[in-house]
1. Restrict the check to region 59-72 and report whether at least one residue is in a helix (DSSP H, G or I), surrounded by fewer than 17 Cβ atoms within 10 Å (Cβ to Cβ) and modelled with pLDDT of 95 or more.
2. Kindly provide the set of residues from region 105-116 that are more than 17 Å from P44 (Cβ to Cβ) and either within 13 Å of the chain's Cα centre (by Cα) or surrounded by 12 or more Cβ atoms within 10 Å (Cβ to Cβ) (or both), ordered by number.
3. Restricting to region 73-116, give me the number of residues that are among the small types (G, A, S) and at pLDDT 95 or above.
4. Out of region 86-104, which residues are surrounded by 13 or more Cβ atoms within 10 Å (Cβ to Cβ) and either of a type in the set (S, T, N, Q) or more than 12 Å from the chain's Cα centre (by Cα) (or both)?
5. Give me the pairs: first residue in region 81-98 and touching a residue at least 24 places away in the same chain (Cβ under 8 Å), second residue of a type in the set (D, E) and not in a strand (DSSP E or B), beta-carbon distance under 9 Å, and six or more apart or on different chains, which are they?
6. Criterion first (outside any loop (DSSP other than H, G, I, E, B) and under 18 Å from Q116 (Cβ atoms)) does A77 satisfy it?
7. Looking at region 13-51 only, could you name the residues that are assigned to a strand (DSSP E or B) and either at negative phi or at pLDDT 95 or above (or both)?
8. Filtering region 35-45 down to residues that are surrounded by 15 or more Cβ atoms within 10 Å (Cβ to Cβ) and not small (G, A, S), which residue is nearest to V89 (Cα to Cα)?
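The values are calculated or read from the model by the stated rules, or taken from the named source; none is laboratory data. This one's a predicted model, so the numbers in the text were calculated from it and none came from an experiment. No Cβ is skipped: glycine too gets one built from the backbone with ideal geometry, and neighbour counts run over all protein chains shown.
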Amino acid sequence: MLNKQKGNKGQQRAKLKSVRSKKGTTTMSKIKIFTSPTCPNCPPAKLLGQQLKDKEDKNIVVEMFDVTEAGGLAEGAMFNVLAIPVIIVTDEDDKEIKAWRGELPTLEDILEEIKQ
């Protein structure tokens with residue numbers, strides 16, 4: 001199972017390579033959303049994630065993590081997720097750019113952070 005996870009991670013990283021546009025290089029951003037099924041404040045965070053996915057922007061990858069599962073818990077530990085919901089914007093190398101911990105940004109807040 002570990003090898004399968006490494007393979008999926010490699011595929012994700014391949015997708016996150018910089019893409020060329022007519023104006024130059026555009027980098028990928030990842031939005032990591034950490035929630036749990038029993039969290040009363042998490043449904044709006046999940047909805048925000050779906051809205052970002054619906055934008056179909058090839059430069060934005062939305063990753064949803066359930067912290068009650070091993071994979072979500074492990075990813076959450078790497079980003080110091082101690083409470084939920086948490087929304088983190090990272091660059092293509094998984095370096096944290098901005099995080100909202102215990103608060104919910106607007107869709108515009110996230111898109112503005114990505115543009116910077």
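1. Residues of region 59-72 in a helix (DSSP H, G or I): 70-72.
From what's left, surrounded by fewer than 17 Cβ atoms within 10 Å (Cβ to Cβ): 70-71.
Those left that are additionally modelled with pLDDT of 95 or more: 70-71.
The answer is yes, given that some residue of region 59-72 is in a helix (DSSP H, G or I), surrounded by fewer than 17 Cβ atoms within 10 Å (Cβ to Cβ) and modelled with pLDDT of 95 or more.
2. Here is the first cut: in region 105-116, the residues more than 17 Å from P44 (Cβ to Cβ) are 112-116.
Answer for region 105-116, where residues must be more than 17 Å from P44 (Cβ to Cβ) and either within 13 Å of the chain's Cα centre (by Cα) or surrounded by 12 or more Cβ atoms within 10 Å (Cβ to Cβ) (or both): E112, E113, I114.
3. Within region 73-116, the subset among the small types (G, A, S) is 74, 76-77, 83, 99, 102.
With the extra rule that they be at pLDDT 95 or above, the set shrinks to 74, 76-77, 99.
Of the residues in region 73-116, 4 are among the small types (G, A, S) and at pLDDT 95 or above.
4. The initial filter retains those residues of region 86-104 that are surrounded by 13 or more Cβ atoms within 10 Å (Cβ to Cβ), namely 86-92, 94, 96-101, 104.
Of everything in region 86-104, those that are surrounded by 13 or more Cβ atoms within 10 Å (Cβ to Cβ) and either of a type in the set (S, T, N, Q) or more than 12 Å from the chain's Cα centre (by Cα) (or both) turn out to be T90, R101, L104.
5. V81/E75; P85/E103; I87/E103; V89/E113; I97/E113
6. Working: outside any loop (DSSP other than H, G, I, E, B): yes; under 18 Å from Q116 (Cβ atoms): no.
No.
7. Residues of region 13-51 assigned to a strand (DSSP E or B): 19-21, 24-26, 29-35.
V19, R20, S21, T25, T26, S29, K30, I31, K32, I33, F34, T35 - these are the residues of region 13-51 that are assigned to a strand (DSSP E or B) and either at negative phi or at pLDDT 95 or above (or both).
8. Ranking the candidates gives T35 first.
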